[in-house]
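To keep things clear, I will list the structure first and then write my remarks on it.
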Amino acid sequence: MKHIITLSGGLTSAYVAKLVLEKQKDAELVFTDTHWETEDLHRFLRDLEVFFNKRITRISRILLPKNEHRPRNKFDILVNDEMLKDGYIVLDPPKLFNAVGILGSNRSPVCSRHLKVAALLKYVKREYKNKVTLYYGIDHSEAHRATRITARMSALGIKTSYPLIDAKLFF
C-alpha cells in the first residue's frame, strides 16, 4: 500500500505532509497543477521539497491529442482550439468553465472534479492500481468535505486519511 499526501500548496496540506512523513518516510508528495496557480505557490512547493528533502510529484489534467478525444458523457469536455497546446488538450479553470458552460463556484466543484480529482485518480490507478492511502489537509472545520471524498474514493478501493480532522485541529 502506497501512502500519498495530496498537496494543495497551502498550510494545512504542508502540515499534514510533516505529520505523515514523520511516520511514513516513503510517502509520496503529490501536487495536482491546474495551470492557474500563482508563482508564489510554486515557490512554496519548491521550499517544501527542500524542507522535506523530497521531490514533489506534479500531475495535471492533460488530455489526449485532439483527434483521439471523444466525449463520453455530459461531464466530459468538448474540445475547442483554444485548449490546444502542442497538439494536446490543456485545461485551466477558465477554459474548463467555458467548455462546461458554467461559472466556477464552491457550490459546483467543476474545477476540482475535472482538473484535480480526475488527474489524481488517473495517476493512482496507473501507478498503483488504486492500492493507496490518500492523505488530505482538510481541517476539522471542513469535516463535511471528508465524508464526500471518502465515499467517492472508497468506491474505487482507495483509502483516505484526514490527520487534522482526526486530531480535531482547526487552522
Restricting to region 117-164, give me the number of residues that are aliphatic (A, V, I, L, M), assigned to a loop (DSSP other than H, G, I, E, B) and crowded, with 17+ Cβ neighbours inside 10 Å. 2
Going through region 157-171 in order, the residues found to be modelled with pLDDT of 95 or more and not charged (D, E, K, R) are GLY157, ILE158, THR160, SER161, TYR162, PRO163, LEU164, ILE165
Using beta carbons and a limit of 8 Å, which pairs, at least six apart or on different chains, have the first residue in region 33-46 and in contact (Cβ under 8 Å) with a residue 24 or more places away in the chain and farther than 18 Å from ALA119 by Cα and the second one in a strand (DSSP E or B) and open to solvent by less than 40 Å² (accessible area, probe 1.4 Å)? LEU45/LEU7; LEU45/PHE31; LEU45/ILE56
Working only within region 38-73, note down all residues that are at pLDDT 90 or above, outside any helix (DSSP H, G or I) and buried (at least 16 other Cβ atoms within 10 Å of the Cβ). LYS54, ILE56
I'd like the residue in region 10-37 that is open to solvent by less than 20 Å² (accessible area, probe 1.4 Å) and assigned to a loop (DSSP other than H, G, I, E, B) and, out of all such residues, is nearest to SER60 (Cα to Cα). THR34
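The values are calculated or read from the model by the stated rules, or taken from the named source; none is laboratory data. Quick caveat: nothing in here was measured; it's all calculated off a predicted structure. Cβ coordinates were reconstructed from backbone atoms using ideal geometry, including for glycine residues, and neighbour counts include every protein chain displayed. Ligands, DNA and RNA are excluded from the accessible area calculation, which covers all protein heavy atoms including side chains. Shrake-Rupley method; radii C 1.70, N 1.55, O 1.52, S 1.80 Å.
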